[in-house]
Amino acid sequence: MGIDVDLIFKIAGVGIIVAFLHTVLDQVGKKEYAQWVTLVGFIFILFMVASVMDDLFEKIKSVFLFEG
């Protein structure tokens with residue numbers, strides 16, 4: 001089984017950076033930019049997870065359909 005621990009650290013790193021930028025921009029008074037940074041970070045993580053899910057579904061398909 002084995003989800004890559006590297007992927008978990010990447011997601012955590014992006015989350016920390018997004019949280020830091022959101023806080024800084026919110027303190028400066030740029031709430032609109034802070035929301036955009038959060039949205040872009042969320043979409044980036046969604047694409048990372050989607051690629052892992054695609055690999056998982058390909059593996060499941062190859063097991064049940066006996067494809068190589």
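Do we have Met48 as touching a residue at least 40 places away in the same chain (Cβ under 8 Å) and in a helix (DSSP H, G or I) here?
Criteria met by Met48.
If you check Ala19 against the conditions, is it among the small types (Gly, Ala, Ser), in contact with a helix residue (DSSP H, G or I) (Cβ under 9 Å, 6 or more places away or on another chain) and free of Cβ contacts under 8 Å to residues at least 60 places away in the same chain? Reasoning before the result, please.
Details: among the small types (Gly, Ala, Ser): yes; in contact with a helix residue (DSSP H, G or I) (Cβ under 9 Å, 6 or more places away or on another chain): yes; free of Cβ contacts under 8 Å to residues at least 60 places away in the same chain: yes.
Yes: the conditions hold for Ala19.
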*asked:* Can you tell me which condition Ile43 does not meet? The list is (1) at pLDDT 90 or above; (2) under 20 Å from the mean Cα position of the chain (by Cα); (3) open to solvent by 100 Å² or more (accessible area, probe 1.4 Å), and all the others hold.
replied: (3)
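The values are calculated or read from the model by the stated rules, or taken from the named source; none is laboratory data. In this text the structure is predicted, and so the values were computed from the model without any measurement. Positions of Cβ are backbone-derived with ideal geometry, glycine not excepted, and every protein chain shown enters the neighbour counts. We work out accessible area using only protein heavy atoms, side chains counted, and drop any ligands, DNA or RNA first. Shrake-Rupley method; radii C 1.70, N 1.55, O 1.52, S 1.80 Å.
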